[in-house]
1. For the Cα atoms of chain B, what angle does the longest principal axis make with the long axis of helix B:336-363, in degrees from 0 to 90, nearest 10?
2. For peptide A:54-62, compute the average count of partner chain beta-carbon atoms within 10 Å of each residue's beta-carbon.
3. Can you give me the distance in nm between label points at B:LYS315 and B:GLN350, each placed 7 Å from the Cα along the Cα-to-Cβ direction?
4. Using Cα springs under 10 Å in a Gaussian network model of chain B, which residue among B:GLN123, B:GLN304, B:GLN177 shows the largest mean-square fluctuation?
5. Take the alpha carbon atoms of the protein assembly as shown, find their radius of gyration, then divide it by 2.2 N^0.38 Å using N residues; give the quotient.
6. Starting with the fewest neighbours, write out A:GLU74, B:GLU370 ranked by other beta-carbon atoms found within 10 Å of each beta-carbon.
7. So for chain B, taking the charge dipole from beta-carbon charges (+1 Lys/Arg, -1 Asp/Glu), which of B:MET330, B:ILE185, B:TRP400 sits furthest toward the positive end?
8. Pick from B:ALA347, B:ALA373, B:ALA68: which is most flexible by mean-square fluctuation in a GNM of chain B where alpha carbon atoms under 10 Å apart are linked?
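We did not get these values from a lab; they are worked out from the coordinates using the rules stated. Not measured: the values here are computed from a predicted model. Every residue, glycine as well, gets a Cβ built from its backbone with ideal geometry; the counts of neighbours run over all protein chains shown.
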Amino acid sequence: MPPIPKSHIWYFTRSYPSLFLKPPHCEILDSPFLSISEMATVPGQLIWEIVKKNNSFLVKEFGNGTASVKFSKEPNNLYNLHSYKHSGLANKKTVTIQPGKDQSVLLATTKTKKQNKPSTLLNKSLMKKEFNRMAKAVVNQVADNHYRPDLKKAALARLSVVNRSLKVSKSGAKKKNRQRL
Amino acid sequence: MSAAAARPLVTVQSLESDMATDANSVPLPDVMRAAIRPDIVTFVHGQISKNARQPYAVSKRAGHQTSAESWGTGRAVSRIPRVAGGGTHRAGQGAFGNMCRGGRMFAPTKIWRRWHRQVNVTQKRHAVVSAIAASAVPSLVLARGHKIEEVPELPLVVSDAAEAVEKTSAALKVLKQIGAHPDAIKAKDSQAIRAGKGKARNRRYVSRKGPLVVYGNEGAKLVKAFRNIPGVEIAHVSRLNLLKLAPGGHLGRFVIWTKSAFEKLDAIYGTFDKVSEKKNGYVLPRAKMINADIARIINSDEVQSVVKPIKKEVKRAPLKKNPLKNLQVMLKLNPYAKAAKRMALLAEAQRVKAKQDKLDKKRKPISKEEALAINSASKSWYKTMISDSDYTEFENFTKWLGASQ
């Protein structure tokens with residue numbers, strides 16, 4: 001069955017006849033949904049509701065109120081935009097592309113089973129190939145294995161920007177000769 | 001329900017001083033799965049933080065320690081009360097008003113302002129429970145700004161060997177081993193002089209908050225060891241403070257639990273089934289939704305099997321065409337219109353033709369025989385008209401009846 005896109009989400013709660021006989025334990029009554037390894041985490045929508053108004057990574061620029069643009073500085077955000085889809089905090093599966101050491105690009109995805117173990121949360125891989133091979137690797141990891149196909153364009157865009165910044169840092173920023181007439 | 005078996009396990013981080021046989025795990029206490037309610041936490045935090053205030057007020061006699069009287073009208077000065085007497089600058093100056101120099105302020109602050117706020121006990125407990133639950137969610141702790149990238153697991157539980165740590169240097173080593181050091185470094189590096197007047201009002205320095213270490217046994221040595229590390233705070237499990245668990249009203253403080261503290265949480269706050277042992281009759285608060293993962297519910301088999309398929313094509317209304325102008329549309333509405341129109345056209349053609357014929361006939365010059373025939377016919381008709389007329393009997397009409405009868 002096709003997953004319903006976010007714009008069609010509606011809200012409903014389940015009611016169990018046994019709700020008032022025995023106080024529920026989340027995972028017991030909802031065992032068709034949740035496995036024990038995922039039980040400890042709180043759903044992404046809830047986290048987003050808590051985090052969207054205020055968090056330490058939020059940056060508001062260019063105006064006040066609705067006139068401003070909201071950016072987000074967390075590492076797992078591909079566009080650095082403050083929105084649910086791109087958020088590195090509210091999603092279980094995130095992709096990040098950063099410059100690594102020695103002119104290489106670090107591609108990392110989060111593991112869904114290790115949500116509450118921050119030190120081992122990321123599948124990291126340092127890439128030091130030419131751009132086309134890196135792009136292929138990114139597409140494989142993000143879209144082709146159905147990890148987060150909605151982030152494919154964002155990942156490629158970020159990859160190209162990071163790559164370019166590495167080239168710039170290698171050759172140095174352009175030195176303007178201001179003395180020239 | 002095998003509740004205990006279904007609860008996820010949290011591994012206890014072992015320190016150097018532990019025996020190798022440790023590194024066991026503890027089941028997650030139900031507090032950590034309570035409802036996270038930032039609205040309650042913000043409210044309660046706001047109220048509770050008012051409780052440590054000290055009253056301030058201006059002196060109650062300020063501005064009134066004069067015997068000033070108004071000079072009234074007629075002296076070319078404003079009617080403000082003025083200081084009586086002479087021989088000094090102060091004489092004749094305005095007094096008493098908030099606009100006057102040396103006068104009393106508007107609405108002088110009083111010490112009997114309501115400084116403290118009362119909060120319902122259940123609400124306070126709900127807030128603490130929410131804050132504890134939020135401290136177990138890595139996203140929320142990250143969002144609050146703690147550096148937990150190197151922490152092996154959240155909630156972070158440390159073996160009880162940490163409670164026996166005596167020296168601060170050893171405490172720092174402990175933090176490094178469990179991956180909490182970056183957070184402490186962040187707090188230390190952020191120490192700066194406060195911006196604003198507070199720096200001159202005995203609030204000179206500000207810094208970020210580091211980890212909160214929670215211990216279980218009274219009189220543990222770790223209090224003295226950890227308290228001097230900048231940013232690090234300590235608390236005993238049975239005396240958890242919302243102002244420390246959610247500083248600024250923001251959920252998600254980075255908390256380091258010792259094993260005995262972690263195990264006591266179930267007894268202190270109870271579980272969803274069991275009443276708390278330490279808080280009389282208290283049960284953990286229920287969430288409005290047991291399973292808040294809406295995306296998962298929507299994509300579940302139970303829902304998808306009953307749901308109608310998505311309508312991919314959008315039905316748009318077609319443009320309305322005027323049947324009076326557009327024949328095809330008219331025919332759709334009234335098929336007889338074609339026949340009627342055809343007949344009308346034919347009839348019209350006939351009429352046109354008939355008229356044209358008539359006109360042609362009239363406009364064509366007539367031949368001699370026809371003209372002669374017409375002439376003679378008209379003459380004879382005239383004669384018969386006279387002879388047949390009713391007026392022949394009367395003599396008056398002979399003149400215009402004309403010729404002989």
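1. So the helix axis and the longest Cα principal axis differ by about 30 degrees.
2. Details: counts 6, 8, 8, 3, 1, 0, 0, 0, 0.
Other-chain Cβ atoms within 10 Å of each residue's Cβ, averaged: 3.
3. Distance between label points: 4.7 nm.
4. With Cα springs under 10 Å in chain B, the top fluctuation among B:GLN123, B:GLN304, B:GLN177 is at B:GLN304.
5. On the way: Rg = 46.9 Å, N = 586, 2.2 N^0.38 = 24.8 Å.
For the protein assembly as shown, the normalised Cα radius of gyration comes out at 1.89.
6. Details: A:GLU74 21, B:GLU370 10.
Lowest to highest Cβ neighbour count: B:GLU370, A:GLU74.
7. Value computed over the given set: B:TRP400.
8. Checking each option, the largest mean-square fluctuation is seen for B:ALA373.
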